[in-house]
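Trainee: Take this structure, written in structure tokens, and hold onto it; I'll ask about it next.
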Amino acid sequence: MNIVVCIKQVPEVAEAELEIDKSGSEIDTEDLVMDINEWDNYAVEEAIRLKEAHGGTVTVVTLGDEDAEDVLRRALAMGADEAILIDEEGFEESDAFGIAKGLYRVVKDLPYDLVLTGAQASDDGWAQVGLILAEWLGLPFASLVMDIVIDGENAIVHRELESNTQEKNEMSLPALITVQTGINDPRYVSIMGIRKVRRIEIRETGYEELGLAETEIGSEASCVASRELSLPSAGEGAEILSGTLNEICEKTAQIIRDRGGID
Amino acid sequence: MEEILVLAEHRKGMLRDITFEMLNFANALTSQNRMKVSVLLLGEDNAAMAERLENFCDNLLLLDCPEVANYSPDPYLQVLEKVVQERKSSLILMGHTAAGMDLAPPLAARLGLPLVSDCLDVSLRNEHLEVLRQIYGGKINAKLRLKPFDQYLCTLRPGCFSASVNREGSADKVMVEPPHWSEFRRRFVEYVEAELADVDITAADILVSVGRGIGKPENISLVEEFADAIGATLSCSRPVADKGWLPKSRQVGTSGKTVRPKVYIALGISGAFQHQAGMKNAETIIAVNKDVKAPIFNVAHYGIVGDLFQVIPVLKEKFAR
């Protein structure tokens, strides 16, 4: 069972206060910690579990700048066998199609029974790249997957739907699956683990080597003409309680009693 | 722009709210731009669903056959490919739902359509499409201006428009010819409902809900003690259930449960829209979060900007007898 996993490095924003940069179309990422996209981390873990159960190899691919090597090393430390970095030069301001073009050119020549990726990325949240790739590779696909069982030539997958419901599907292999968070419990990656894989060579490539023209990727090929960012107005709606911690908690307790019907 | 084509979404014979939300939106957009609204309803034994839709659109395109009884990408793609090309619809709308997210990208790739997913709003300015989205988990708004195209495909975020459509009229019904089906590589087997849970969070008067801000599983007991002290039930947001710190049956949100308690106390929950969709109708919402810009404060009635680990022990004391 050979598996290719497409991953992305994103800024960690859950606890961060974000600021928009001078251009107005990007956020300031200078002070943000970069990490693997959460959905992709689950995809890497799922690939390694499938490899452990069925044998084969796991190849991770990312498109990013030189720092994106960190997420590849992280995946290697988790148990991936090979890693490929597509230099993001030329791909800046690509839409999902632009990114998918780079990935397609790499993945199509790799041996695979399964291509995995996260269902979406936490930064732009397009949730498009994986399935565009499936269409171009001519593969059956399933998105938002919470369970994968390999049954000979087929994969049985559970997709997550709304309202606590899942949908069971069967499809033939090779296939592409986009993974939903919570599908597994991703293993811990230690600094020692990353050190151990530091000698594994990462294959690097770029748009020219992949036979793409500048006009096929980046802003020129994107469907987006311009983008203007703004911060949503903070705390709109909520009355922010003020005072000392004790005063705030006193008020809050009163609200809970009054509204919750506690005597 | 001449036609907006809305793909009706349904499950187990019931139209989903998103279908009416899209229709509401589409009718508002066409009233300004003299476009027509067409709805494509794919399903089996469609009559009852068709009846519910016919007042709300100009054209009702119907395909009634077993191949499209339940959503599945291969048959849906084969029909849509044909319909979208033949009708040359200017704007094709789907929900940013489990079905729409599965269908829109391969359709866009197959037909070379520009796709803007997860739109909160879509408008037309001089033949240019403008779209409002959110990025970085709802922390940043992004207004996108699209380049000019003959056709656009957009998926609309659920819950952004009202599902009650105001429109009187009767649609022209058009029977869609089924395509010459080619192979279905993915087969729908069945819907799987979650097993019954030990606790029903939808029945609670007070919910104490924990999110990513809880940090580690050992901290859950602190919140559990607080919940016990005020007679509340413990629930959570997605990251906590994903990590297995609380069972999935306790998850509030789009893919979890929709709750309407008297009081909802959100602790360390940033408030992604999927979470808000599950709790915004609670009677009173109190949120505790370190980040004053956390989206949860937009739906909360009362906010405490601070560290939940400092707030909860003090708050718990207020309920000590």
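The values are calculated or read from the model by the stated rules, or taken from the named source; none is laboratory data. It should be emphasised that the depicted structure is a prediction, and the values quoted were computed from it without experimental measurement. Note: ideal-geometry Cβ built from the backbone for every residue, glycine included; neighbour counts use all protein chains shown.
Trainee: Hey, can you tell me all the residues within the range A:122-138 that are more than 7 Å from chain B (Cβ to nearest Cβ) and surrounded by fewer than 23 Cβ atoms within 10 Å (Cβ to Cβ)?
Mentor: Passing the criteria: A:Leu137, A:Gly138.
Trainee: Oh, and also: Mind listing just one residue for me: the one in the range B:307-321 that is within 7 Å of chain A (Cβ to nearest Cβ) and touching a residue at least 12 places away in the same chain (Cβ under 8 Å) and, of those, surrounded by the most Cβ atoms within 10 Å (Cβ to Cβ)?
Mentor: B:Leu315
Trainee: Another question about this same structure. Does at least one position in the range A:222-232 carry a residue that is within 14 Å of chain B (Cβ to nearest Cβ), free of Cβ contacts under 8 Å to residues at least 12 places away in the same chain and more than 27 Å from A:Leu63 (Cα to Cα)?
Mentor: Within the range A:222-232, one or more residues are within 14 Å of chain B (Cβ to nearest Cβ), free of Cβ contacts under 8 Å to residues at least 12 places away in the same chain and more than 27 Å from A:Leu63 (Cα to Cα).
Trainee: If we keep just the residues of the range A:214-246 that are of a type in the set (D, E, K, R) and within 23 Å of B:Val299 (Cα to Cα), which is nearest to the chain's Cα centre (by Cα)?
Mentor: Restricting to residues being of a type in the set (D, E, K, R) and within 23 Å of B:Val299 (Cα to Cα), the top hit is A:Glu236.
Trainee: Is it true that some residue in the range B:175-192 is more than 10 Å from every other protein chain (Cβ to nearest Cβ) and in contact with a Cys (Cβ under 9 Å, 6 or more places away or on another chain)?
Mentor: Looking through the range B:175-192, at least one residue is more than 10 Å from every other protein chain (Cβ to nearest Cβ) and in contact with a Cys (Cβ under 9 Å, 6 or more places away or on another chain).
Trainee: Looking only at residues that are within 20 Å of the chain's Cα centre (by Cα) and charged (D, E, K, R) in the range B:226-244, which one is farthest from B:Lys262 (Cα to Cα)?
Mentor: Top of the filtered list is B:Asp242.
Trainee: Cβ-Cβ distance below 7 Å, separation of 6 or more or different chains: which pairs start in the range B:150-167 with a residue that is in a strand (DSSP E or B) and end on one that is surrounded by 22 or more Cβ atoms within 10 Å (Cβ to Cβ) and among the hydroxyl-bearing types (Ser, Thr, Tyr)?
Mentor: As it stands, the answer is B:Thr155/B:Ser117, since those pairs meet every condition given.
Trainee: Taking only the range B:6-48 into account, find how many residues are in contact with a helix residue (DSSP H, G or I) (Cβ under 9 Å, 6 or more places away or on another chain) and more than 19 Å from B:Arg125 (Cα to Cα).
Mentor: Result for the range B:6-48: 22.
Trainee: Of the residues that make up the range B:76-88, is at least one more than 9 Å from chain A (Cβ to nearest Cβ), within 21 Å of B:Asp150 (Cβ to Cβ), of a type in the set (Ser, Thr, Tyr) and not in a loop (DSSP other than H, G, I, E, B)?
Mentor: no
Trainee: Now, a different point. So is A:Asn154 surrounded by 18 or more Cβ atoms within 10 Å (Cβ to Cβ), within 12 Å of chain B (Cβ to nearest Cβ), over 21 Å from the mean Cα position of the chain (by Cα) and closer than 24 Å to B:Glu193 by Cα or not?
Mentor: Spelling it out, it is not the case that A:Asn154 is surrounded by 18 or more Cβ atoms within 10 Å (Cβ to Cβ), within 12 Å of chain B (Cβ to nearest Cβ), over 21 Å from the mean Cα position of the chain (by Cα) and closer than 24 Å to B:Glu193 by Cα.
Trainee: Here's a follow-up. Within the range B:200-218, track down each residue that is within 14 Å of B:Ser249 (Cα to Cα) and either assigned to a helix (DSSP H, G or I) or in contact with a Pro (Cβ under 9 Å, 6 or more places away or on another chain) (or both).
Mentor: Selection gives B:Ile201, B:Thr202, B:Ala203, B:Ala204, B:Leu207.
Trainee: Shifting gears a bit: For the range A:154-174, name all the residues that are of a type in the set (Gly, Ala, Ser) and assigned to a loop (DSSP other than H, G, I, E, B).
Mentor: If the condition is that a residue be of a type in the set (Gly, Ala, Ser) and assigned to a loop (DSSP other than H, G, I, E, B), then A:Ser163 is the only one that fits.
Trainee: Continuing with this model, one more query. B:Leu63 is checked against (1) under 23 Å from B:Arg167 (Cα atoms); (2) surrounded by 18 or more Cβ atoms within 10 Å (Cβ to Cβ); (3) aliphatic (A, V, I, L, M) and fails just one. What number does that condition carry?
Mentor: Unmet condition: (1).
Trainee: Tell me yes or no: at least one residue of the range B:235-243 is more than 7 Å from chain A (Cβ to nearest Cβ), among the polar types (S, T, N, Q) and surrounded by fewer than 24 Cβ atoms within 10 Å (Cβ to Cβ).
Mentor: No, the range B:235-243 contains no residue that is more than 7 Å from chain A (Cβ to nearest Cβ), among the polar types (S, T, N, Q) and surrounded by fewer than 24 Cβ atoms within 10 Å (Cβ to Cβ).
Trainee: Using beta carbons and a limit of 7 Å, which pairs, at least six apart or on different chains, have the first residue in the range B:228-249 and closer than 21 Å to A:Gly260 by Cβ and the second one hydroxyl-bearing (Ser, Thr, Tyr) and not in a loop (DSSP other than H, G, I, E, B)?
Mentor: Final answer for the pair search is B:Ser235/B:Ser209; B:Cys236/B:Ser209; B:Ser237/B:Ser209.
Trainee: Mind listing just one residue for me: the one in the range B:276-306 that is touching a Pro at 6+ places or on another chain (Cβ under 9 Å) and within 16 Å of B:Ser209 (Cα to Cα) and, of those, surrounded by the most Cβ atoms within 10 Å (Cβ to Cβ)?
Mentor: In this case the residue turns out to be B:Met279.
A quick yes/no check of all residues on (1) surrounded by fewer than 21 Cβ atoms within 10 Å (Cβ to Cβ); (2) out of contact with any Asp or Glu (no Cβ under 6 Å at 6 or more places or on another chain):
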| residue | (1), (2) |
| --- | --- |
| B:Leu80 | no, yes |
| B:Leu93 | no, yes |
| B:Met101 | no, yes |
| B:Pro106 | no, no |
| B:Gln151 | yes, yes |
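Trainee: State all residues of the range B:118-128 that are under 19 Å from A:Gln128 (Cα atoms) and either in contact with a Cys (Cβ under 6 Å, 6 or more places away or on another chain) or within 10 Å of another protein chain (Cβ to nearest Cβ) (or both); if no residue qualifies, say none.
Mentor: B:Asp118, B:Cys119, B:Leu120, B:Val122
Trainee: Hey, can you tell me all the residues within the range B:260-281 that are modelled with pLDDT under 95 and aliphatic (A, V, I, L, M)?
Mentor: Correct list: B:Ala272, B:Ala277.
Trainee: Quick check, is B:Val292 on the phi < 0 side of the Ramachandran plot, more than 23 Å from the chain's Cα centre (by Cα) and not assigned by TED's automatic domain parsing to the domain that holds B:Gln134?
Mentor: Considered against the rule, which asks whether it is on the phi < 0 side of the Ramachandran plot, more than 23 Å from the chain's Cα centre (by Cα) and not assigned by TED's automatic domain parsing to the domain that holds B:Gln134, B:Val292 comes out as yes.
Trainee: Identify, please: which residue in the range B:261-286 is facing chain A (nearest Cβ under 8 Å) and not in a strand (DSSP E or B) and is, among those, nearest to B:Gly303 (Cα to Cα)?
Mentor: Here the residue is B:Ser270.
Trainee: Residue check: is B:Glu130 acidic (Asp, Glu), touching a Leu at 6+ places or on another chain (Cβ under 8 Å) and either assigned to a strand (DSSP E or B) or under 25 Å from B:Ala294 (Cα atoms) (or both)?
Mentor: yes
Trainee: Somewhere in the range A:222-234, is a residue touching a Phe, Trp or Tyr at 6+ places or on another chain (Cβ under 8 Å), part of a loop (DSSP other than H, G, I, E, B) and farther than 17 Å from A:Trp126 by Cβ?
Mentor: yes
Trainee: Given B:Asn70, B:Asn141, which one is within 14 Å of another protein chain (Cβ to nearest Cβ) and assigned to a loop (DSSP other than H, G, I, E, B)?
Mentor: Just one listed residue meets the conditions, B:Asn70.
Trainee: Provide a single number: the residues in the range B:1-29 that are more than 14 Å from chain A (Cβ to nearest Cβ), of a type in the set (A, V, I, L, M, F, W, C) and either in a loop (DSSP other than H, G, I, E, B) or under 11 Å from B:Phe161 (Cβ atoms) (or both).
Mentor: Residues flagged as more than 14 Å from chain A (Cβ to nearest Cβ), of a type in the set (A, V, I, L, M, F, W, C) and either in a loop (DSSP other than H, G, I, E, B) or under 11 Å from B:Phe161 (Cβ atoms) (or both) within the range B:1-29 amount to 9.
Trainee: Kindly establish whether A:Ile177 is in contact with a helix residue (DSSP H, G or I) (Cβ under 7 Å, 6 or more places away or on another chain), surrounded by 18 or more Cβ atoms within 10 Å (Cβ to Cβ) and outside any helix (DSSP H, G or I).
Mentor: Answer is no for this residue.
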